[in-house]
Amino acid sequence: MNVLHIISGDLWAGAEVQANSLVLSLAKIENFNLHVITFNKGILALKLHREGIPVTIFDENKHSMIALILGCLQVMKTFQPDIVHVHGFKENLLGGIAARLVQDRVMIRTHHGKGMIGSTQKYNMIERFNANFLTNKIIAVSHDLKRFLQEHGLPAPKITVIHNGIEVHTSVNDKIIKKLCVELGIPDDMKIIGTVGRLVPIKDHKTFLFGAKLILESEPNVRFVIVGDGPLMAELKKQSYELDIATHVCFTGFREDTDILLNMFDVFCLTSIHEGIPMALLEAMSLGKPIVATRVGGISEVIDDNGSGLLIDSENPQSFADACIKVLRDKNLRASLSERAVSVVKEKFTLDVTVRLTQDLYRRVVQS
């Protein structure tokens, strides 16, 4: 089976991480041939190229929409994919038009989150066009996201849920953790509350910082680590100064070694307003990190409250602070959350499960 994946690849975030893992895993399966088109020469393209995956880059900053469609068309004529699997709004539209011009190739679209749906009438119309005319099957990464897509007019019979999955990580030794603490200027005796994600509004790092201020009022020996980059970096740093907590907050910027940095955290947190199935959340759980996360999107499909983590209301700094303090002060709670988190990931959210379900979907669609 020949499978062509199309993804923008401008960032290295959850969708790119999941697509990278999926492509590399499928490439190891006998009789699967993979090719990837990206619209940017970013980290995803470099990582896939290093692993020997054929990658064609059409730089969207240098090509018109017509040129991008024609580029996709040429790759499809040469590679002859049985399936074209796209990972975004733009990829769906451009790749879908090309696929319909090449003997009507089977199109699968993964929705990694809400994306542009619900933002404007224009985007809603284009996404309904994508779903109804350019896509054979749609993958939603959570049941919550499936409901959202249906509510905005995407055809329910085409949508199937396949949760994100990860390769279960093992913890690193204390020597590496101490080295990271020195690098980031964090004293040995500090507890660390951390989060990982793009610095964009939907991740709501403002609530994280307001909560940090409240936590420090009763737990001064805590440092807060924010891993990630994005358009809100300057604004969030300014907020940390205005809250007078800047010396307690570390902004790491973009890091490729997030799986290593997660080992530093005593508590892993997400204060997002919406999520699909966050890759960083699954990685933190696989390492046995106690979780505090908002009760939004697909998070509640991963976390059972007071079982594998603590769920809180979104945009509520006090709720966030109370939950973190509770975890820091209760050794038995930390142990139980840790044990259950690892168990849940191993049972339900491994990359093997994601790959098997995706592979089954490919075969069903091709045979139908």
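Bear in mind these aren't lab numbers, they're just calculated from the coordinates by the rules spelled out. Quick caveat: nothing in here was measured; it's all calculated off a predicted structure. Don't worry about glycine lacking a Cβ; one is built from the backbone with ideal geometry, like all the others, and counts go over all protein chains shown.
One equal scatterer on each Cα of segment 265-355, no solvent, Debye formula: the resulting log10 I(q)/I(0) at q = 0.16, 0.20, 0.23 Å⁻¹ is -0.56, -0.86, -1.13.
Give me the log10 of I(q) over I(0) for segment 174-348 at q = 0.08 Å⁻¹, as the Debye formula computes it from C-alpha points; what are the numbers? Log10 of I(q)/I(0), two decimals: -0.20.
Taking the DSSP bridge list for the chain and keeping only pairs wholly inside it, about 0 percent are antiparallel. With neighbour counts taken as other beta-carbon atoms within 10 Å, the residues F79, F320 rank, fewest first, as F79, F320. Taking the fewest neighbouring Cβ atoms within 10 Å as the starting point, the ordered list for R364, R105 is R364, R105. Only lysine pairs 8 or more places apart or on separate chains count here, and in segment 178-293 those with Cα atoms under 21 Å apart total 16. Footprinting exposure proxy ranking of S171, S286, fewest other C-beta atoms within 10 angstrom first, gives S171, S286. Adding -39500 (n - 2.57) for every DSSP H run of four residues or longer, then dividing by how many residues the chain holds, sets the calculated 222 nm ellipticity at -14000 deg cm²/dmol.
Cα convex hull of segment 24-113: how many Å³ per residue?
On the way: hull volume 9.3 nm³, N = 90.
Per-residue hull volume (Cα only) is 103 Å³.
Between the Cα long axis of helix 331-348 and the first principal axis of the chain there is an angle of about 10°, rounded to the nearest 10. Against the chain, whose longest principal axis is taken from its Cα atoms, helix 205-218 shows a tilt of about 20°. For the chain, the longest principal axis of the C-alpha atoms and the axis of helix 174-184 are separated by about 90°.
Would you list which lysines come within 19 Å of K28, measuring only between C-alpha atoms, while excluding same-chain residues fewer than 8 positions from it? Leaving aside lysines fewer than 8 places away in the same chain, those within reach of K28 are K47. With distances taken between every two different alpha-carbon atoms, segment 197-282 has a Kirkwood hydrodynamic radius of 13.4 Å.
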